[in-house]
Amino acid sequence: DCNDQLKMSLSYIKEHGGCIIYLQQEGRGIGLANNVAAYALQDEGMDTVDANIHLGFPEDCREYGFVPGILQNMGVESIKLMTNNPLKIKRLSDLGVDVEGIIPMVVESANTHNRNYLETKANRMNHANLGTMLASKNTREDSECKLISNSFMAPKTIPNEPEVNTSEYKNEAVIEPKAVRSLLDDESQSGVTARSDGYCFGKQSVIDAIEATAQGELVVVVDDESRENEGDFIAACDLVTAESMATMIRYTSGVLCIGMEGERMDELNLPPMVSNNEDPKGTAFSVSVDAVKEHGITTGISALDRAITLKLLANPSATAADFNRPGHIFPLRAREGGVLARDGHTEASVDLARLAGCNPAGVLCEIVSEENPVEMARLPELKRFCKKHGFALTSIVDIAQYRRDTEGL
């Protein structure tokens, strides 16, 4: 019904005013290639939700972090949303958008091609307003659509509206993280180097990262330019979801690790992966694990399965018997003392989780370059990435200095 809904929306806006914000997120955010694969699975009998899950994604991967900035630039303070999707309303509301109400966009009847899809929307994705239409046995072969007129979203008249020079704007709206706003625009900075005060991005960048971690969000943490010069996604394992893991997998190497304290790893019987560690940075890999099937695990590789395993590893009540070995999650033994003892992402993940009030276990994975996918993302691109997607950005040297300042070390 997407084509019909777009036509209905345009017709409504033509008559009553309003706008359409277009976000290029093919296939509910899984990308064009994955969407084609999802279509193939649907041809084999899966519905759209199961197809996404089978490919390792949640049912909806779309991100709306851009929208508040777009609305702010347009001078829009509140909206009525043209949608049948309650999840879209929740996500926009969580981002601070004032959603006053909705304008239903329901096609007059299903057709032979979309009835199963619409039924999945209603039954599995909780889309509203579809019951009466789906109860009808009538189907149509064409794409005619009709919208019942209402009076929402009348166009505003702005007196003495100043002329806008549109050449000043790029065709890409963004929301910047609360910290390092000006630093995100400084692409001359090739890597992280501590200033004389011990910080690189500043104390506020750590505060913002802690707040984001406590809310279950992904944050980007960069190590020193003279070390790996890479950025990792980090999140508290207590708060991970299938959706956040799908986002992490989408933009990273996909090898999800979990930083943990050594004592807890011993309790879970997680010995070193090898007896002679030859990793150049001394990363202390243990044997890989999956949660056992009693916790709802299937193959262990999907975003949902990996989220289950990560949450279980962070759970103080879990025991060694809760895990199969090997698996798809790689526990890393953090050095005692955290980033003050070793300036690695492993230690940063444990420190951030603890600082956020969570159990000391953090998931981490290296971000791959979107501009040159055969390489890892470096700081200039990571700044553009965080600015584009709204992720908080900090560094290991910032976390270390923050701990010195706040812990009196």
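The values are calculated or read from the model by the stated rules, or taken from the named source; none is laboratory data. Here the structure is a predicted model, which means the values were calculated and not measured. Quick reminder, even Gly has a Cβ in these numbers, built from the backbone with ideal geometry, and neighbours come from all protein chains shown. We work out accessible area using only protein heavy atoms, side chains counted, and drop any ligands, DNA or RNA first. Shrake-Rupley method; radii C 1.70, N 1.55, O 1.52, S 1.80 Å.
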Quiz item: What are the residues in segment 74-92 that are of a type outside the set (Lys, Arg), open to solvent by 30 Å² or more (accessible area, probe 1.4 Å) and modelled with pLDDT under 85, if any?
Solution: Pro86, Leu87, Ile89
Quiz item: Before we move on, is Gly338 closer than 22 Å to Gln215 by Cβ and at pLDDT below 95?
Solution: no
Quiz prompt | Members of segment 1-19 found to be touching a strand residue (DSSP E or B) at 6+ places or on another chain (Cβ under 8 Å) and either within 17 Å of Glu243 (Cβ to Cβ) or not in a helix (DSSP H, G or I) (or both), listed by number | solution = Gly18
Quiz item: Can you pull out the residues in segment 296-306 that are surrounded by fewer than 23 Cβ atoms within 10 Å (Cβ to Cβ) and free of Cβ contacts under 8 Å to residues at least 60 places away in the same chain?
Solution: Gly296, Ile297, Thr298, Thr299, Gly300
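Report the residue count in segment 52-88 for those that are of a type outside the set (Ser, Thr, Tyr), over 18 Å from the mean Cα position of the chain (by Cα) and within 23 Å of Asp4 (Cα to Cα).
Of the residues in that region, 7 qualify.
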Quiz item: If we scan segment 378-397, do we find a residue that is under 26 Å from Thr241 (Cβ atoms), in contact (Cβ under 8 Å) with a residue 40 or more places away in the chain and more than 21 Å from the chain's Cα centre (by Cα)?
Solution: yes
Exercise. Considering (1) in a loop (DSSP other than H, G, I, E, B); (2) surrounded by fewer than 17 Cβ atoms within 10 Å (Cβ to Cβ), say which one His127 fails and leave the rest.
Key: (2)
Practice problem: Kindly indicate which of Ser317, Ser349 is open to solvent by 20 Å² or more (accessible area, probe 1.4 Å) and hydroxyl-bearing (Ser, Thr, Tyr). | Solution: Ser317
Self-check item: Failed criterion for Val374 (all others in (1) outside any helix (DSSP H, G or I); (2) at pLDDT 95 or above; (3) not charged (D, E, K, R) hold)
Solution: (2)
Quiz prompt | Those residues of segment 27-66 which are on the phi < 0 side of the Ramachandran plot and either among the small types (Gly, Ala, Ser) or in contact with a strand residue (DSSP E or B) (Cβ under 9 Å, 6 or more places away or on another chain) (or both), in sequence order | solution = Ala33, Ala37, Ala38, Ala40, Ala51, Gly65
Quiz item: Just to be sure, is Arg335 in contact with a Lys or Arg (Cβ under 7 Å, 6 or more places away or on another chain), within 30 Å of Gln401 (Cα to Cα) and among the charged types (D, E, K, R)?
Solution: yes
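For segment 325-346, check the following and say yes or no: at least one residue is among the charged types (D, E, K, R), crowded, with 18+ Cβ neighbours inside 10 Å and in a helix (DSSP H, G or I).
no
A quick yes/no check of all residues on (1) of a type in the set (Asp, Glu); (2) in contact with a Phe, Trp or Tyr (Cβ under 8 Å, 6 or more places away or on another chain); (3) without any contact (Cβ under 8 Å) to a residue 60 or more places away in the chain:
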| residue | (1), (2), (3) |
| --- | --- |
| Asp232 | yes, no, no |
| Leu239 | no, no, no |
| Glu261 | yes, no, no |
| Arg264 | no, no, no |
| Glu267 | yes, no, yes |
| Gly282 | no, no, no |
| Glu294 | yes, no, yes |
| Ile308 | no, no, yes |
| His328 | no, no, no |
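Take the residues in segment 50-108 that are acidic (Asp, Glu) and without any contact (Cβ under 8 Å) to a residue 12 or more places away in the chain; name whichever of them is farthest from Leu304 (Cα to Cα). Give the derivation first.
The initial filter retains those residues of segment 50-108 that are acidic (Asp, Glu), namely 50, 59-60, 63, 77, 94, 98, 100, 108.
When the remaining residues are screened for being without any contact (Cβ under 8 Å) to a residue 12 or more places away in the chain, the result is 50, 94.
Details: Asp50: 12, Asp94: 22 Å.
Only one residue fits best here, namely Asp94.
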Quiz item: Going through segment 22-68 one residue at a time, which ones are open to solvent by 50 Å² or more (accessible area, probe 1.4 Å), in a loop (DSSP other than H, G, I, E, B), under 25 Å from Met82 (Cα atoms) and of a type outside the set (Asp, Glu)?
Solution: Tyr22, Gln24, Arg62
Exercise. Just one of (1) touching a Phe, Trp or Tyr at 6+ places or on another chain (Cβ under 8 Å); (2) open to solvent by less than 10 Å² (accessible area, probe 1.4 Å); (3) closer than 24 Å to Ala284 by Cβ trips up Val397, so point out which.
Key: (2)
Quiz item: So Cys200 fits all but one of (1) touching a helix residue (DSSP H, G or I) at 6+ places or on another chain (Cβ under 9 Å); (2) open to solvent by less than 20 Å² (accessible area, probe 1.4 Å); (3) assigned to a helix (DSSP H, G or I); what number is the exception?
Solution: (3)
